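The values are calculated or read from the model by the stated rules, or taken from the named source; none is laboratory data. None of the values given here were measured: they were computed from a predicted structure. We place every Cβ from the backbone using ideal geometry, glycine too, and count neighbours over all the protein chains shown.
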Amino acid sequence: MPPVCGGSADRAILRGAAGVRRCVRSVAPVRVVTNAEDEGTGLSRDLRVNEMIRVPNVRVVDEEGSQLGVLPTHQALRVAQERGFDLVEVAPNASPPVVKFLDYGQFKYEQARKEKEARKHQRSVEFKEIRLKPKIGKGDFDTKVRRAIEFLEEGDRVKVTVQFRGREVSHAYIGRDLLLRFGDLIKDHGAVERQPLLEGKSMSMTVASTHKPKTTTPSAARPDGTPAPDAPEPQEPSSAPPVAPQALEAAPTTPAAGG
């Protein structure tokens with residue numbers, strides 16, 4: 001049993017070659033748990049399968065979803081193997097844990113395919129920034145407002161910033177009025193999350209979109225990576241009967257008069 005240093009059991013007194021007494025804190029090993037459950041599914045990413053299931057009894061659900069009741073684990077495993085399936089623990093926190101007869105390889109393939117499809121069609125919300133100046137003109141101001149509305153309609157969040165130069169920061173109320181007017185013009189597309197706040201030589205306001213993020217569908221592309229042009233729409237066939245070509249009539253020839 002190592003000696004205790006400073007009244008703590010996790011410190012030990014060591015004596016070096018030079019006779020110096022020092023304290024060293026011992027570090028306990030860290031156990032990392034990776035068996036986290038997926039949100040909303042009830043199934044964990046790393047499921048225990050077949051011989052990995054160590055509990056004595058399990059509640060069994062067969063491949064058709066029928067309840068087989070509570071069985072010893074070794075018996076449930078034998079029945080699953082006789083039917084050509086794996087014994088997969090789908091609800092480890094239940095009492096007793098719930099297992100199901102599954103083709104585990106096919107199950108993992110389907111899960112990966114569904115996750116890939118979900119990632120393909122989802123769109124992450126981006127954070128856009130609109131920068132203004134205290135002396136911005138009306139035309140430029142209206143352009144910035146339209147640009148912010150486009151971002152909000154896409155479902156993105158927008159940060160509107162007024163940048164001051166030199167002594168302009170002493171008239172910060174101008175930037176505040178500008179941001180409040182900006183927020184009033186885009187109120188039908190977004191809600192102000194953070195009111196105008198002066199930070200250094202800039203004043204900013206954050207707006208959250210009230211629209212759902214739009215999903216983008218990948219379009220066809222050429223082998224060189226350039227987008228393919230839109231194909232022309234097929235034309236409907238004409239209902240009028242085809243016109244037969246007119247035959248060329250040969251003009252009658254008159255015999256030449258004899259001399």
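Which residue out of Pro227, Pro213, Pro196, Pro218 is surrounded by 11 or more Cβ atoms within 10 Å (Cβ to Cβ) and modelled with pLDDT under 90? Exactly one of Pro227, Pro213, Pro196, Pro218 is surrounded by 11 or more Cβ atoms within 10 Å (Cβ to Cβ) and modelled with pLDDT under 90, namely Pro213. Here Gly155 meets each of (1) at pLDDT below 60; (2) touching a His at 6+ places or on another chain (Cβ under 6 Å) with one exception, condition (1). Exactly one residue among His74, His121 is over 30 Å from Met205 (Cα atoms) and either at pLDDT 90 or above or of a type in the set (Gly, Ala, Ser) (or both), and that residue is His74.
Matching residues to (1) among the aliphatic types (A, V, I, L, M); (2) farther than 30 Å from Ile53 by Cα; (3) in the same structural domain as Arg194 (by TED's automatic domain parsing):
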{"residue": "Tyr109", "(1), (2), (3)": "no, no, no"}
{"residue": "Lys135", "(1), (2), (3)": "no, yes, yes"}
{"residue": "Phe141", "(1), (2), (3)": "no, yes, yes"}
{"residue": "Lys144", "(1), (2), (3)": "no, yes, yes"}
{"residue": "Phe151", "(1), (2), (3)": "no, yes, yes"}
{"residue": "Arg157", "(1), (2), (3)": "no, yes, yes"}
{"residue": "Val162", "(1), (2), (3)": "yes, yes, yes"}
